[in-house]
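Student: Quick one: the structure is below, and I'll ask about it shortly.
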2 protein chains.
Amino acid sequence: MKAVGLIVEYNPFHNGHAYHLQASKDAAEADVVIAVMSGNFLQRGEPALVSKWQRTKMALLNGVDIVFELPYAYATQKAETFAYGAVSILDAAGINCLCFGSESGDITSFLQTIDYLEGKQRQLNENIKQYIDTGVSYPKAVSLAFGHLPDSEKFLDLAKPNNILGLEYIKAIQHQKSTIIPMTIARKNANYHDEDFSSATIASATSIRKAIFTHSNGKSAIDQYVPEPTKQLLKEYLESYQVFHQWENYWSYLQFRLLHARPEELREIYEMEEGLENRLLSAAREANSFHDFMQQIKTKRYTWTRLQRLCVHILTNTKKAEMAFISEKASYLRLLGMTTRGREYLNKTKSHLSLPLISKLSSFTENEIDLDIRASRIYSLGIPSRLKNKLIRQEYEQPPIYIR
Amino acid sequence: MKAVGLIVEYNPFHNGHAYHLQASKDAAEADVVIAVMSGNFLQRGEPALVSKWQRTKMALLNGVDIVFELPYAYATQKAETFAYGAVSILDAAGINCLCFGSESGDITSFLQTIDYLEGKQRQLNENIKQYIDTGVSYPKAVSLAFGHLPDSEKFLDLAKPNNILGLEYIKAIQHQKSTIIPMTIARKNANYHDEDFSSATIASATSIRKAIFTHSNGKSAIDQYVPEPTKQLLKEYLESYQVFHQWENYWSYLQFRLLHARPEELREIYEMEEGLENRLLSAAREANSFHDFMQQIKTKRYTWTRLQRLCVHILTNTKKAEMAFISEKASYLRLLGMTTRGREYLNKTKSHLSLPLISKLSSFTENEIDLDIRASRIYSLGIPSRLKNKLIRQEYEQPPIYIR
């Protein structure tokens, strides 16, 4: 059975994802689609709209055959680490092709850009350092520094976030000496960060979330942009838990933690850089909401995303010391769900999977999975009062979701 | 000017307190009444119904002339430490008499009991240890052990909480070589822990709080038991902050902290004894409310009060390491409020106060006051959303309350 791998967040699964899924399956001539999906906290340092279980159902009902969880240790990270974790999981799962969406849509330009950058790394790093010193953020500095290399305009546009991610996927494949064949498909009609609707059926996840949170008729406003199962599953989640998750649901916890922690405790938190802790501590005393807090701590130096990830690490109490033990490759395959076809694939391959397959939390202990469990518990606190305990327990009791 | 000292919580100030205040002033023939009052968290390990500022107003409008704060380091403690802190503050303030309420009401029996216990301490400690080994709580063991000493029935009844406190006050006076003269007045018509009303005008603070939280007409149900200023100030607080503080307002924070902390972090918390942290961690995953949580962690070995204090220390992140630096005597006098007469007293005595007088938080730093500030911040989180920041700022900006 030929397998194509996808790296996803599905927050929530929308028509653009459906398009990408089908196009990837076709391009790779695959029998099964395997997705590695971020858990409850995402790359941009945000809680997912609905739990990983509900998003797994969305994936399976929309054509994915197997969903593995991208552990928290890789999911809430910069592009490079995110890519290393995701690729290592897909590689262990034995996929043939990885097919990612990009602004470019041309795999040759990715490969040529990587070749071109080979040997220019020192010059690039120097350029990056110079831009950082002017006070801009790291991603911005990379894009500017790349633009200053000779002839760089002939290669990929590194100001585009999905091009950068794609580049990191390929670098991870090469670095991990994987046999995965990389492919890419151009994203349709919507930019990653678009906040507004611009097409009739395809919209970015960002604009869909914005519609959900800002319009009172949010759910019906997104109807044309998401497949039927997404609509149903969002509705079901809201009925069960009364909320969709967003940062504001966690603001009181973050504020509490910042009001009771000492600076030296905060300095132990992963990604806390020198001096940032004092900025956070004083903003916590004044801010009235998470958004207000972010406005107060924001500087040109750090991207919003970088600071949001830091805030997630504070919530989940993720420390530098424990992240130091995380390697470039994931150490397990946590199965969140599968279809009948997915099960067939796993039955055939499970004897030669290169990582342990976890389908239920039991005696398996690892730094990485401790982090996942903690992250799920904290995620559950975004739900009102009595309902949250149901979600806390689900992390332990939920077997992989199976869709016939 | 002759000064009588009182050790109080005023949670809230009621007719029994008014009676005790007047009787103390008369008995001591005092010109001024100086109270040392617990801040926002109390001896039983609970948040005060309303903030220390509002309770200071209650005190001043009901006849107290000066209110000093009993620092968190002494206020949320067992009787002995509580007494040491309170007595050291009143001693530094230069009071002549300390007048406490007790079930006994006879100062001679206190002094005789202390004399009697002199020389029997070893035997008493052995008895206590034996009772502890049977699994009962420390206070229960003390009372039983005392009862087993020969002729102990001729002395104080140490099963009564206010007798125990009184005994500790006198021991603190003696130990600190203070010149304070101890006096006691019998409590009227209400036992410390009574939960129900039994007299026409005097009720315990416990029964008053119970009425406030359980009856929808709670405030009017207590009218006959509290003086007019208390009524007004409770009403005003509710209008400003929409709540009275109780443990349930803090449950979500406690649960969050327990869901994200590691056992080794919890072991650093003051009063966390070996193994208790695991009990707390697993209860936090199951419990639906603070009361439910307490029911789950309770054992015969630990009193409810002892466990509640531990929970307060978790909330305020109070660690064994910092409490190790706290001495037997307080290190400052934090002035919460005064009347004109109180100001007159302070003007006359301030040149020979034996501790620094703090009337506004500024550059004064000390372990103890750090703890007070942190406790106040955390206390503020018991208030809904936007209103809490007002209370957080008050800790820094509020000058001592002055009532003409």
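Student: What net charge is computed for the residues neighbouring B:Leu259, neighbours being all others with C-beta under 14 Å from the C-beta of B:Leu259, Lys and Arg scored +1, Asp and Glu -1?
Tutor: Residues near B:Leu259 contribute +2 overall.
Student: Kirkwood Rh, Cα Rg: Rg to Rh for the range B:250-293?
Tutor: Value, to two decimals: 0.94.
Student: Looking at the P(r) of the range B:1-77, how many percent of alpha-carbon pairs lie beyond 20 Å?
Tutor: 27 percent
Student: What is the Cα centroid distance between the range B:380-394 and the range B:65-89, reported in whole angstrom?
Tutor: After rounding, the separation between the Cα centres reads 25 Å.
Student: Can you tally the net charge around B:Leu156? Count Lys and Arg as +1, Asp and Glu as -1, for every other residue whose Cβ sits under 15 Å from the Cβ of B:Leu156.
Tutor: -3
Student: Going by the alpha-carbon gyration tensor, a ≥ b ≥ c the square roots of its eigenvalues, is the range B:303-404 rounded (a/c under 1.5) or, if a/c is not under 1.5, prolate (a/b greater than b/c) versus oblate?
Tutor: The shape class here is oblate.
Student: Roughly speaking, what % of Cα-Cα pairs in the range B:1-153 are separated by over 22 Å, rounded to a whole number?
Tutor: On the way: 5807 of 11628 pairs.
Of all Cα-Cα pairs in the range B:1-153, 50 percent lie more than 22 Å apart.
Student: Amide H neighbours of B:Cys99 under 5 Å, at least 5 residues apart or on other chains, H built in the peptide plane: list them.
Tutor: Counting only residues 5 or more places away or on other chains, the set is B:Gly5, B:Met183.
Student: Given H placed on each backbone N at 1.01 Å, which residues far from B:Leu336 in sequence or on other chains put an amide H within less than 5 Å of it?
Tutor: B:Val67, B:Phe68, B:Glu69
Student: Greater than 24 Å separation of Cα atoms is the criterion. Which listed pairs, B:Lys2/B:Lys52; B:Lys188/B:Lys231; A:Lys140/A:Lys298; A:Lys390/B:Lys210; A:Lys52/A:Lys235, meet it? It would help to have the intermediate numbers written out before the result.
Tutor: On the way: B:Lys2/B:Lys52 26 Å; B:Lys188/B:Lys231 21 Å; A:Lys140/A:Lys298 15 Å; A:Lys390/B:Lys210 30 Å; A:Lys52/A:Lys235 15 Å.
Where the Cα-Cα span goes over 24 Å, the pairs concerned are B:Lys2/B:Lys52; A:Lys390/B:Lys210.
Student: Next up: With a 10 Å cut-off between alpha carbons and a GNM built on chain A, which of A:Thr339, A:Thr201, A:Thr230 moves the most?
Tutor: Fluctuation is largest for A:Thr201.
Student: How would you classify the range A:313-353 from its alpha-carbon gyration tensor, with a ≥ b ≥ c the square roots of the eigenvalues: rounded for a/c under 1.5, else prolate if a/b is greater than b/c, otherwise oblate?
Tutor: Values: a/c = 6.60, a/b = 2.27, b/c = 2.90.
Oblate.
Student: Hey, another quick one. What whole number of Å gives the distance from the Cα centroid of the range A:98-159 to the Cα centroid of the range A:312-351?
Tutor: So the separation of the two Cα centres works out to 30 Å.
Student: For the range B:39-118, just the Cα atoms, rotate onto the principal axes and tell me the three extents in Å, largest first.
Tutor: 41, 27, 25
Student: For the range B:295-334, compute Rh as the Kirkwood radius over C-alpha pairs and then the Stokes-Einstein diffusion coefficient at 4 °C and 1.567 mPa s; write the answer in µm²/s, rounded to an integer.
Tutor: Taking Rh from Cα pairs, D becomes 106 µm²/s.
Student: Quick one: if the Förster radius is 30 Å, what FRET efficiency do B:Glu286 and A:Thr299 give, using the C-beta to C-beta distance and rounding to 0.05?
Tutor: 0.10
Student: Something else: For chain A, give me the percentage of DSSP beta bridges that are antiparallel, rounded to the nearest 5 percent. List each step's numbers first, then the result.
Tutor: Working: 5 of 29 bridges.
Antiparallel bridges make up about 15 percent of those DSSP assigns within chain A.
Student: Picking from B:Ala75, B:Ala283, B:Ala324, which is most flexible by a Gaussian network model of chain B using Cα springs under 10 Å?
Tutor: With Cα springs under 10 Å in chain B, the top fluctuation among B:Ala75, B:Ala283, B:Ala324 is at B:Ala324.
Student: Which of B:Pro139, B:Pro356, B:Pro47 ends up with the largest GNM mean-square fluctuation for chain B, with Cα atoms connected below 10 Å?
Tutor: B:Pro356
Student: Could you tell me whether chain A comes out rounded, prolate or oblate from its Cα gyration tensor? Rule is a ≥ b ≥ c as square roots of the eigenvalues, rounded for a/c under 1.5, then prolate if a/b exceeds b/c, otherwise oblate.
Tutor: In terms of gyration-tensor shape, rounded.
Student: Where does the charge balance sit around A:Lys360 when Lys and Arg score +1, Asp and Glu -1, over other residues with C-beta under 14 Å from its C-beta?
Tutor: After counting each charged neighbour, the total is -2.
Student: Under the √(5λ) rule applied to the eigenvalues of the Cα gyration tensor, what semi-axes describe the equivalent ellipsoid of the protein assembly as shown? Give them in Å, descending.
Tutor: Gyration-tensor ellipsoid for the protein assembly as shown: 62, 27, 24 Å.
Only the coordinates and a few stated rules stand behind these numbers; no lab work does. Model, not experiment: these values are computed from the prediction. With ideal geometry, Cβ positions are generated from the backbone for all residues, glycine too; neighbour counts draw on all protein chains shown.
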